[in-house]
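The values are calculated or read from the model by the stated rules, or taken from the named source; none is laboratory data. From a predicted model like this one, the values you see are computed outputs, not experimental measurements. Cβ sites come from the backbone with ideal geometry, for glycine too, and all protein chains shown count toward neighbours.
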Amino acid sequence: MTGADMRTTLILADDHPLMLDALERLFAAPAYAILATCRSGAAAMPLIEDMVPRVSLLDVNMPGFSGLDVLKTVARKRLHTRVILLTGSITGALFSDAMKYGCWALLLKDGSPEDLRATVDAVAASEHWSPARLRPPSRPQPPSNDFEADLEADALTAKEYEVARLASRGLPNKAIAQEMDVSEGTVKIHLNRIFRKTRLRNRTELAISLHHVR
């Protein structure tokens, strides 16, 4: 097999020219082969059907025929492409539909380019996306007095994961504090760490992500 044969083939679709250009530049590397770029789902769909790229990277909110519409069509026609959806925000309804129709990854647009490329690589290697930073720790972690060092860790500590779990159930800080027998101030510190480590922005996104890894 040649090096070209081992490249991850891609079709990129986004109705915003700047975003599409950024994606094209991000994947202009020897490991990837961009088969086509499109400004709409309607333009992307026949190309996906004809070229069957390894990964189809699509904006959710394209006018007319959306990225979600493309995903549904791919599922209905059983096309052998792995769809990754990009969105400005993740709602419960979007998350549910994406999982129902076999989306391989659902990502926020404000994530880092490195994370996006890593996700494409993982999906191309047949790994479904999951927010690893939200997985419960495999073993208890010793307490640390180094706040900044904790922020650099990939995984949540056991206490942070428990706060995340309770917050995702809709409990306010006071109730979480009572449940864990800590102060509200401690809960706020844990939540700040959780959001900084996971790059999630609010409790809704936290609940969606935790639901995905259960």
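Within the range 56-78, the presence of at least one residue that is of a type in the set (Ser, Thr, Tyr), surrounded by 13 or more Cβ atoms within 10 Å (Cβ to Cβ), in contact with a strand residue (DSSP E or B) (Cβ under 7 Å, 6 or more places away or on another chain) and outside the structural domain of residue 206 (by TED's automatic domain parsing) is confirmed. Picking from residues in the range 1-30 that are closer than 13 Å to residue 54 by Cβ and in a loop (DSSP other than H, G, I, E, B), the one that is modelled with the highest pLDDT is 27. Taking the conditions (1) in contact with an Asp or Glu (Cβ under 6 Å, 6 or more places away or on another chain); (2) surrounded by fewer than 23 Cβ atoms within 10 Å (Cβ to Cβ); (3) in contact (Cβ under 8 Å) with a residue 40 or more places away in the chain in turn, residue 39 satisfies each one other than (3). Checked against (1) more than 19 Å from residue 125 (Cα to Cα); (2) at pLDDT 95 or above; (3) touching a helix residue (DSSP H, G or I) at 6+ places or on another chain (Cβ under 8 Å), residue 61 passes all but condition (2).
Which one of these is among the hydrophobic types (A, V, I, L, M, F, W, C) and either out of contact with any Pro (no Cβ under 9 Å at 6 or more places or on another chain) or modelled with pLDDT of 85 or more (or both): 156, 134?
On the way: 156 fails: either out of contact with any Pro (no Cβ under 9 Å at 6 or more places or on another chain) or modelled with pLDDT of 85 or more (or both).
Only one candidate qualifies: 134.
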